[in-house]
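Structure, as structure tokens:
The values are calculated or read from the model by the stated rules, or taken from the named source; none is laboratory data. What you see is a predicted model, and the numbers here were worked out from it, not measured in a lab. Ideal geometry is used to build each Cβ from the backbone, glycine not excepted, and the neighbour counts take in all protein chains shown.
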Amino acid sequence: MSIQKLYVCTIVLSAVAWGAAMPSSARPAIPSDVQQIITVDYRALKNSGTAMALKAQVLPPSLKEFEGQLKGVGINPDKDVDELTFASYRSGKQGIKVVGVAQGSFTSKSVLQKMRLNKVKPLKYRDSDIYPMANGMDMMFLDDNTMLFGDAGAVKGALDARDGYTSSLDSNSQIADMIGPVESGVVWSVLDQQGTQNMLLSALGDAGKLADFDMIKRRVIGSRYTMNFQSGVNFDLDIVTSDSVTAGTLSSLVKAGVLYRKMTATPIEKAALENVSVNSDSSNLQMHFKADDKQFQSLLHSDLFAAVSK
């Protein structure tokens with residue numbers, strides 16, 4: 001799963017109520033060299049027609065695969081999962097790995113009983129039992145109702161972090177410090193420096209070719225955002241930079257990017273872009289988008305949405 005796809009996953013799975021703090025047992029199992037973390041409150045997904053329409057249209061194949069794996073071990077994501085976390089991290093020569101953590105009303109006893117009935121045997125990795133799933137995926141339990149899953153390398157990398165053989169998330173202060181302000185949100189995500197640079201370049205379009213962006217992109221630390229569907233669609237994004245001058249300059253560039261988009265936008269797209277506000281606060285660029293359900297569902301079928309959700 002690419003960083004861009006992971007970023008879109010947050011929008012795909014947005015909800016309407018409650019908060020989606022990361023499961024406490026998941027945090028130690030995220031390696032320090034993390035690129036992105038996404039946590040979703042699955043309980044509220046079914047309560048929003050707009051969220052369901054968004055999910056149906058742009059759900060990435062890789063996320064569909066994750067949901068399929070859960071169903072394969074007797075877990076219905078729409079009914080049994082309360083929270084779902086994805087983390088992508090660098091794993092040396094293995095490249096980017098993605099690990100998922102599902103927490104909900106299921107129990108390890110019920111899932112493992114189904115495994116035994118299907119004569120699925122675990123493999124030992126130190127003191128942990130890792131069970132094979134379909135299509136090359138593996139899973140194990142971090143606690144009674146929290147499941148860790150991914151390919152074999154991703155799961156073992158996560159267990160290496162949890163068991164202290166490699167560094168975990170809390171040793172990465174740039175990412176860990178960005179989590180606090182957003183983790184009480186329904187859906188939230190944090191993205192590292194490189195991923196944020198790529199996301200900005202894609203979003204800015206022609207404005208990203210300006211010399212100012214090339215100069216300041218090295219001063220971008222990362223980004224975080226939340227999204228919910230309460231009283232329409234609300235999206236709040238912070239780009240964390242090294243200083244207030246960088247945040248102010250980047251704010252001007254993003255505003256220019258919005259103007260570039262408006263020049264070729266359809267009436268529906270132009271109306272949506274009118275609802276985008278951009279400013280800077282200290283060392284953070286802040287962007288907010290709000291739309292009612294009808295307007296947003298019309299935007300789902302636009303060329304602009306197709307471009308930003310690739």
Worksheet, complete the sentence: Note: among VAL99, VAL120, just one is in a loop (DSSP other than H, G, I, E, B) and among the hydrophobic types (A, V, I, L, M, F, W, C), namely VAL120
Discussion item. Give all pairs with beta carbons closer than 7 Å in which a residue from the stretch 243-261 that is buried (at least 20 other Cβ atoms within 10 Å of the Cβ) meets a residue that is among the basic types (Lys, Arg); count only pairs at least 6 apart in sequence or on separate chains.
Written reply: THR246/ARG219
Fill in: Which listed residue is out of contact with any helix residue (DSSP H, G or I) (no Cβ under 6 Å at 6 or more places or on another chain), in the same structural domain as PRO28 (by TED's automatic domain parsing) and aliphatic (A, V, I, L, M), from MET215, MET140, MET133, MET178
MET140
Worksheet item: Which ones in the stretch 119-131 are touching a Pro at 6+ places or on another chain (Cβ under 9 Å) and surrounded by fewer than 16 Cβ atoms within 10 Å (Cβ to Cβ)?
Response: VAL120, LYS121, LEU123, ASP129
Worksheet entry | For SER110: the one exception among (1) assigned to a helix (DSSP H, G or I); (2) under 23 Å from ILE37 (Cβ atoms) | (2)
Response to the item:
Of the residues in the stretch 132-152, those that are more than 20 Å from ARG27 (Cβ to Cβ) and in contact (Cβ under 8 Å) with a residue 24 or more places away in the chain number 5
Worksheet item: Can you name the residue in the stretch 166-183 that is within 19 Å of VAL155 (Cα to Cα) and not small (Gly, Ala, Ser) and is also farthest from the chain's Cα centre (by Cα) among such residues?
Response: THR166
Discussion item. I'd like to know if the stretch 147-158 contains one or more residues that are exposed (fewer than 14 other Cβ atoms within 10 Å of the Cβ), of a type in the set (A, V, I, L, M, F, W, C) and more than 26 Å from GLN193 (Cα to Cα).
Written reply: no
Fill in: Checklist (1) more than 26 Å from ASN47 (Cβ to Cβ); (2) in contact (Cβ under 8 Å) with a residue 60 or more places away in the chain; (3) out of contact with any Leu (no Cβ under 7 Å at 6 or more places or on another chain) applied to MET199, failing item
(3)
Discussion item. Name the single residue that is nearest to ASP238 (Cα to Cα) among those in the stretch 163-175 being buried (at least 18 other Cβ atoms within 10 Å of the Cβ) and in contact with a Lys or Arg (Cβ under 9 Å, 6 or more places away or on another chain).
Written reply: LEU169
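To keep it simple, each residue is scored yes or no on (1) under 16 Å from THR241 (Cβ atoms); (2) among the small types (Gly, Ala, Ser); (3) at pLDDT below 75.
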| residue | (1), (2), (3) |
| --- | --- |
| ASP170 | no, no, no |
| SER184 | no, yes, no |
| ALA203 | yes, yes, yes |
| LYS209 | no, no, yes |
Worksheet entry | Top-ranked residue of the stretch 92-118 - restricted to ones that are small (Gly, Ala, Ser) and surrounded by fewer than 18 Cβ atoms within 10 Å (Cβ to Cβ), ranked as farthest from the chain's Cα centre (by Cα) | SER110
Discussion item. Report every pair of residues separated by at least 6 positions or lying on different chains whose Cβ atoms are under 7 Å apart, first residue within the stretch 73-86 and assigned to a strand (DSSP E or B), second of a type in the set (Lys, Arg) and surrounded by 18 or more Cβ atoms within 10 Å (Cβ to Cβ).
Written reply: ASP82/ARG43
